[in-house]
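Structure first, then comments.
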Amino acid sequence: MLTNPIFRYRFFLGLELAVVVAVIMIFKFIEDRTVAGTVAGMTFLISTTLVMVVEWLQARRLTWTLAGGAIFMALSVLPILIIRSANWGLPFEEAEFMGIRGAWLHKISNYVFLLFLVGIFISLQKERIRQLKRRQP
């Protein structure tokens with residue numbers, strides 16, 4: 001099922017949309033913001049890792065999806081989780097690690113996440129074009 005690249009990229013986009021909905025629900029139902037943020041961060045960590053592992057196992061080469069996932073993981077997911085754990089109990093707006101403020105990093109992470117989604121979309125479009133070229137005589 002995930003061996004079909006078009007299906008795989010659509011699945012990845014759907015998965016990340018579901019993660020966004022899940023994160024919203026996490027913050028709605030978990031009152032402790034530190035715990036909610038950590039659970040949300042772990043949700044992003046698991047979903048991004050899943051996308052990257054499946055993409056590597058199927059494509060066996062660097063793709064826009066893999067690059068976007070690696071960038072999102074390195075610049076957003078892991079640093080935010082580190083800041084949260086290093087400043088446990090502090091409001092995230094006040095938390096910082098090595099001079100990087102949590103609030104600033106979180107703001108930037110929204111754009112990095114969009115970059116990840118754009119990477120998946122580019123992979124999808126490239127695969128569509130590749131398949132169209134195959135069909136032409």
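The values are calculated or read from the model by the stated rules, or taken from the named source; none is laboratory data. Only a predicted model underlies this, so the values are computations on that prediction, with no experimental measurement involved. Reconstructed Cβ throughout: ideal geometry from the backbone, glycine too, with neighbour counts over all protein chains shown.
Hey, could you check segment 16-43 for residues that are in contact (Cβ under 8 Å) with a residue 40 or more places away in the chain and surrounded by 15 or more Cβ atoms within 10 Å (Cβ to Cβ) and say which is farthest from SER85 (Cα to Cα)? Before the answer, list the steps.
First pass over segment 16-43, keeping only residues in contact (Cβ under 8 Å) with a residue 40 or more places away in the chain: 16, 33-34, 37-38, 41.
Next cut, surrounded by 15 or more Cβ atoms within 10 Å (Cβ to Cβ) only: 16, 34, 37-38, 41.
Numbers: GLU16: 24, THR34: 9, GLY37: 10, THR38: 8, GLY41: 11 Å.
Per the criteria, the residue is GLU16.
Got at least one residue in segment 65-75 being outside any helix (DSSP H, G or I) and closer than 21 Å to ASN4 by Cβ? No; the residues of segment 65-75 include none that is outside any helix (DSSP H, G or I) and closer than 21 Å to ASN4 by Cβ.
Out of ALA18, ALA70, ALA103, I need the residue that is more than 30 Å from ARG130 (Cα to Cα) and of a type in the set (A, V, I, L, M). Which one?
Values: ALA18 fails: more than 30 Å from ARG130 (Cα to Cα); ALA70 fails: more than 30 Å from ARG130 (Cα to Cα).
Sole residue among the options that is more than 30 Å from ARG130 (Cα to Cα) and of a type in the set (A, V, I, L, M): ALA103.
Would you say ALA70 is under 17 Å from ILE120 (Cβ atoms), free of Cβ contacts under 8 Å to residues at least 24 places away in the same chain and surrounded by 15 or more Cβ atoms within 10 Å (Cβ to Cβ)? Quick ask: steps written out before the conclusion?
Working: under 17 Å from ILE120 (Cβ atoms): yes; free of Cβ contacts under 8 Å to residues at least 24 places away in the same chain: yes; surrounded by 15 or more Cβ atoms within 10 Å (Cβ to Cβ): yes.
Yes; evaluated as a whole, the condition is true for this residue.
Just to be sure, is PHE116 in contact with a helix residue (DSSP H, G or I) (Cβ under 8 Å, 6 or more places away or on another chain), assigned to a helix (DSSP H, G or I), buried (at least 20 other Cβ atoms within 10 Å of the Cβ) and touching a residue at least 24 places away in the same chain (Cβ under 8 Å)?
Working: in contact with a helix residue (DSSP H, G or I) (Cβ under 8 Å, 6 or more places away or on another chain): yes; assigned to a helix (DSSP H, G or I): yes; buried (at least 20 other Cβ atoms within 10 Å of the Cβ): yes; touching a residue at least 24 places away in the same chain (Cβ under 8 Å): yes.
Judged against the criteria, PHE116 is a match.
Is it the case that THR38 is in a helix (DSSP H, G or I) and of a type in the set (Ser, Thr, Tyr)? Here the answer is yes, as THR38 does meet what is asked. Taking LEU57, is it closer than 17 Å to TYR9 by Cα, among the hydrophobic types (A, V, I, L, M, F, W, C) and part of a helix (DSSP H, G or I)? Taking the combined requirement at face value, the residue satisfies it.
The single condition from (1) touching a residue at least 40 places away in the same chain (Cβ under 8 Å); (2) over 18 Å from SER109 (Cα atoms); (3) surrounded by fewer than 19 Cβ atoms within 10 Å (Cβ to Cβ) that VAL53 fails is (1).
LEU62 meets all of the listed conditions (1) surrounded by fewer than 17 Cβ atoms within 10 Å (Cβ to Cβ); (2) in a helix (DSSP H, G or I); (3) aliphatic (A, V, I, L, M) but one, namely (2). Can you name the residue in segment 21-63 that is β-branched (Val, Ile, Thr) and closer than 18 Å to LEU115 by Cβ and, of all such residues, is nearest to the chain's Cα centre (by Cα)? Top of the filtered list is THR48. Among residues of segment 85-110 that are under 17 Å from ALA74 (Cβ atoms) and surrounded by 16 or more Cβ atoms within 10 Å (Cβ to Cβ), those with a Cβ under 7 angstrom from a residue that is among the acidic types (Asp, Glu) and at pLDDT below 90, sequence gap 6+ or separate chain, pair up as GLY102/GLU93; GLY102/GLU96.
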